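The structure appears below as structure tokens.
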Amino acid sequence: DAGDHESYMRKEILEQPTTAQAVLRGRLDDRFGTAHLGGLDMDARDLRAVRRVKILGCGSAYYVGQMGAALIEELARIPADAEAASEFRYRDPVIEPDTLYVAVSQSGETIDTLLAVQEVRRKGGRCVGLVNVVGSAIARECDGGIYLHAGPEVAVASTKALTNMFLAFALLALQLGRVRDLSIADGKRLVAGLERLPAQIEEVLAIEDDLVEVAHSLAEAQSLFFIGRVRGFPVAREGAQKFKEISYRHAEAYQTSELKHGPLALIDPGVPTVALVPHDELTERNIGALHEIAARSGPLVVVTHEEVDLGGIDARRVVVPRNEPELDPILLTIPLQLLAYHAAQHLGHDIDKPRNLAKSVTVE
Ligand code: BG6
């Protein structure tokens, strides 16, 4: 059972520093700045032959797939994208022999993801799995893969499995990068970053008390935005998904850059925005968008880094530690889990079993 915790979701959120170590264990190579992923069953030549990566998953697994695609493009310079597995087979997809297909699933039983894998393999494509449950249907259907080792996840809303999906993508991106042009120095920089991550996840969890009141104020709104750009946009999508799933509030993710092309019309004192503003090359532009929101009296919660100066903007700052920029998305994601959790708790919802949802959807 959930033991001393009020819910499995909270228990699973708090387990993340430990479960994150489990997915990395034995897979990092400090000496060559790379990763070893025996379960992939691909040698350096097979990895070199990959010309494109297509990631398939549903719900949170799809959004973390978008984070994974960004990691692969950045580290390995291979075109990569994620697609909702639930849509994939309906458009009679072109399956290319030099594309690596990656199916992502906590349960390994989601029927839409399983049928996508079967579509790929029926047409002769190579599909590997990022799966938590050992021996599950998707794990068996794939050519090989990376087990997530997050342990059993009971709450419908995925937290620790999602974090390990991100870390598994980082390992895959590192290995794909190091058989290409990713330098040993960059490889070592990322290995060191991954080694630091579990302790930094612990640091984020330590700010939980500061987030409770913020979450309660967000829970009062009928509708809210989550905004981010480039690496931060899938984080915004995942944050909005969690909020919808367990608080039943309308939460919409938007690219910060697109705000001015439409949804700015909806911003007013009753519509809060949770903005992801990491310290990176886009910080100044992101702050420009915050000014637009503040000018319309939209309440702001800004998930950011210590170095970022919001000037005079009236906002609740949520500060997370910095890692390497490529790995920062997961540290930005964790406060959003806590915001959704405390909003749902404030509203008195059944957090582990939200209405109308199942942990894994195994029928079409
Ligand atoms: C959905 C769940 O139906 O399935 C989501 O409600 C989950 O929380 C999604 O992210 C995918 O599940 P899995 O097991 O394939 O990762």
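The values are calculated or read from the model by the stated rules, or taken from the named source; none is laboratory data. Computed from a predicted model, the values in this text were never measured in an experiment. Don't worry about glycine lacking a Cβ; one is built from the backbone with ideal geometry, like all the others, and counts go over all protein chains shown. Ligands, DNA and RNA are stripped out before the accessible areas are found, and what is left, the full protein with its side chains, is counted by its heavy atoms. Shrake-Rupley method; radii C 1.70, N 1.55, O 1.52, S 1.80 Å.
Structure notes:
- Selection over region 302-332 of residues that are more than 19 Å from the chain's Cα centre (by Cα) and either open to solvent by 10 Å² or more (accessible area, probe 1.4 Å) or in contact (Cβ under 8 Å) with a residue 60 or more places away in the chain (or both) gives a count of 11.
- Residues satisfying the criterion are absent from region 82-91 (criterion: at positive phi and away from the ligand (no atom under 13 Å from the Cβ)).
- Unique match (being outside any helix (DSSP H, G or I), among the small types (Gly, Ala, Ser) and either touching a Phe, Trp or Tyr at 6+ places or on another chain (Cβ under 8 Å) or modelled with pLDDT under 95 (or both)) among GLY270, GLY239, GLY311: GLY311
- Where a residue in region 333-349 is within 12 Å of PHE243 (Cα to Cα) and of a type in the set (Ser, Thr, Tyr) and its partner, wherever it lies, is open to solvent by less than 10 Å² (accessible area, probe 1.4 Å) and not in a helix (DSSP H, G or I), with Cβ under 6 Å and at least six apart: none
- Test: residue in region 128-145 that is open to solvent by 40 Å² or more (accessible area, probe 1.4 Å), farther than 20 Å from LYS242 by Cα and part of a helix (DSSP H, G or I): yes
- Annotation note: Cβ proximity below 6 Å between a residue of region 98-123 that is basic (Lys, Arg) and a residue that is open to solvent by 10 Å² or more (accessible area, probe 1.4 Å) and more than 12 Å from the ligand (Cβ to nearest atom) (sequence gap 6+ or interchain) occurs for LYS123/ILE95.
- Odd one out for ILE13, checked against (1) farther than 21 Å from TYR147 by Cα; (2) within 16 Å of the ligand (Cβ to nearest atom); (3) of a type in the set (Val, Ile, Thr): (1)
- Residues located in region 340-356, provided they are within 22 Å of the chain's Cα centre (by Cα) and either loosely packed, with under 13 Cβ neighbours inside 10 Å or more than 11 Å from the ligand (Cβ to nearest atom) (or both): ALA340, TYR341, HIS342, ALA343, ALA344, ILE351, ASP352
- With a requirement of 2 or more residues that are open to solvent by 10 Å² or more (accessible area, probe 1.4 Å), without any contact (Cβ under 8 Å) to a residue 40 or more places away in the chain and within 16 Å of LEU174 (Cα to Cα), the helices (runs of 4 or more DSSP H) lying completely within region 1-93 that satisfy it span 44-48.
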